[in-house]
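Reviewing the structure listed below.
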Amino acid sequence: MGRVIPAVEDVEKVLDEIDSVGLPRKRRSREHCLVTRKGHHPPKYVLMRAYILRTGFKPHNFTGHFQSNIHLQKMGYTIKENCPIFLEWRL
């Protein structure tokens, strides 16, 4: 993901967006979920969108799993394995 790391404010903006608009169908998490105030979200998608908010660019060589999970955990978020996502897929 490079040297730029999204801030907590960026992640919160993405979570607000997901809570109001929903997620694209193809962005559902398969292995891990970010547990937040309103449910479970895909960590890789959340961090990728936060990176785009911070930089204006899509990250290169961003694989998710450990890479996204560790950054979100360092920000104080909880990541769970094998967690079902029960969000309304509206996009």
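Brief remarks on what is shown
- Beta carbons closer than 8 Å, at least 6 apart along the sequence or on distinct chains, pair a first residue in the stretch 17-40 that is farther than 20 Å from MET75 by Cα with a second that is aromatic (Phe, Trp, Tyr) and in a loop (DSSP other than H, G, I, E, B) for GLY22/TRP89; LEU23/TRP89; PRO24/TRP89; ARG25/TRP89; ARG28/TRP89.
- The sole residue among VAL35, VAL11, VAL46 that is in a helix (DSSP H, G or I) and touching a strand residue (DSSP E or B) at 6+ places or on another chain (Cβ under 6 Å) is VAL46.
- Selection within the stretch 49-62 - assigned to a helix (DSSP H, G or I) and in contact with a helix residue (DSSP H, G or I) (Cβ under 6 Å, 6 or more places away or on another chain): ARG49, ALA50, LEU53, ARG54
- Tally of residues being farther than 17 Å from ASP16 by Cα, among the polar types (S, T, N, Q) and at pLDDT 80 or above across the stretch 36-66: 1
- Residue that is modelled with the highest pLDDT, among those in the stretch 79-91 that are of a type outside the set (A, V, I, L, M, F, W, C) and under 10 Å from HIS32 (Cα atoms): LYS80
The values are calculated or read from the model by the stated rules, or taken from the named source; none is laboratory data. Please read all numbers here as calculations on a predicted model, not as lab measurements. Quick reminder, even Gly has a Cβ in these numbers, built from the backbone with ideal geometry, and neighbours come from all protein chains shown.
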